[in-house]
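The values are calculated or read from the model by the stated rules, or taken from the named source; none is laboratory data. Small disclaimer: the values here were computed from a predicted structure and weren't measured. The protein model used for the area step is the full one, side chains on, heavy atoms only, and it has no ligands, DNA or RNA in it. Shrake-Rupley method; radii C 1.70, N 1.55, O 1.52, S 1.80 Å.
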Amino acid sequence: MGNAPGPGQHGSWLEGFRAGLGFELDRFQADACSALEAGQSVLVAAPTGSGKTVVGEFAVYLALQRGLKTFYTTPIKALSNQKFSDLGGRYGSGRVGLLTGDTAVRADADAVVMSTEVLRNMLYAGTAALDGLAYVVMDEVHYLADPLRGAAWEEVIINLPAQVQVVGLSATVSNAEEFGAWLQSLRGGTAVVVSEHRPVPLRQHVMAGGEILDLFAAPVAFDELGQGTGTDAVLAGHRVNPHLLALAGAAAYRPGEGGPEQGRGRTRRFERDRAARHGRSGRARPQLIQRLGRQGLLPAITFIFSRAG
């Protein structure tokens, strides 16, 4: 797509971008891309799986066509690696670089994927790599609210050169208009584009007793939560899978453990159960993946919150 026709043939950079896609843009994607082409920063809030990253990719396309640079920031190394691979495959590996805490590949490329903290450090150092920078894509921009890491996002937004347009992408910004107003106060013209349509349904399951069970008696799409009966009512129990409730009740009550020692007994039991869980965690994860496979729920992403794990 890096060689897709430009505005000379299609009248706008967006039309040139569309010509290289294998699908039609949704309304929110087209609106966000149009705002970006018009010189505005954009904040895109849309559900997971709706295609927000197309807007970030359009920023890369715009910069490449104009002979300028894009920095694509992410909060997670795995996401950085994925975007590095995706963009390299689309525009050519020689035009895309990667910068993380322990990896540096073509740092002077036209489009560089990096962690937000790396960009913050570049801004404070005043590195020459910032020359020609036109767009900064901030994937998962809601990390700004993270108590430990959010300062990096805030500092980047505040300290970027005035001419740089920011593309904020998030599935979980609940106060998008307020956030967008703050961005506008710092960056100038900022379009807020919100889509609530979820093209990929989200179902919730719980693994209990070696089984993967629906959390709800009848599968409930995430979009339904909070509508009609209200989220609290749904989670309170009248739509929760009764089999799951029965398993939870059986685990909470064990005959013969009452009386004066009941409190200490429950504490000891909790500690014993936790130790058992930790001891078998290495075996439980493969079993879970096998169970997902048998139920046709692969591919899947599993999160392991430790280097040793």
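Using all Cα-Cα distances in segment 1-159, what percent lands in each 5 angstrom bin from 0 up to the longest? Distribution as computed: 2, 9, 19, 22, 22, 15, 8, 3, 0, 0 percent. Taking amide H as placed 1.01 Å from N in the peptide plane, VAL240 has its amide H under 5 Å from the amide H of ALA217, each at least 5 places away in sequence or on another chain.
Here segment 53-94 is treated as a Stokes sphere of Kirkwood radius computed over C-alpha pairs; at 4 °C and 1.567 mPa s its diffusion coefficient rounds to 121 µm²/s. Using a probe of 1.4 angstrom and keeping all protein chains present, the accessible surface of segment 62-137 works out to 41 square angstrom per residue. Kirkwood radius and radius of gyration were both taken over the C-alpha atoms of segment 128-220, and their ratio Rg/Rh is 1.15. How would segment 83-145 be classified by its alpha-carbon gyration tensor: rounded, prolate or oblate, with rounded meaning a/c under 1.5 and the a/b versus b/c comparison settling the rest? Oblate, because a/c is 1.5 or more while a/b does not exceed b/c.
Here's how it looks for LEU213: its modeled amide H is under 5 Å from those of VAL206, MET207, ALA208, which are all 5 or more places away or on a different chain.
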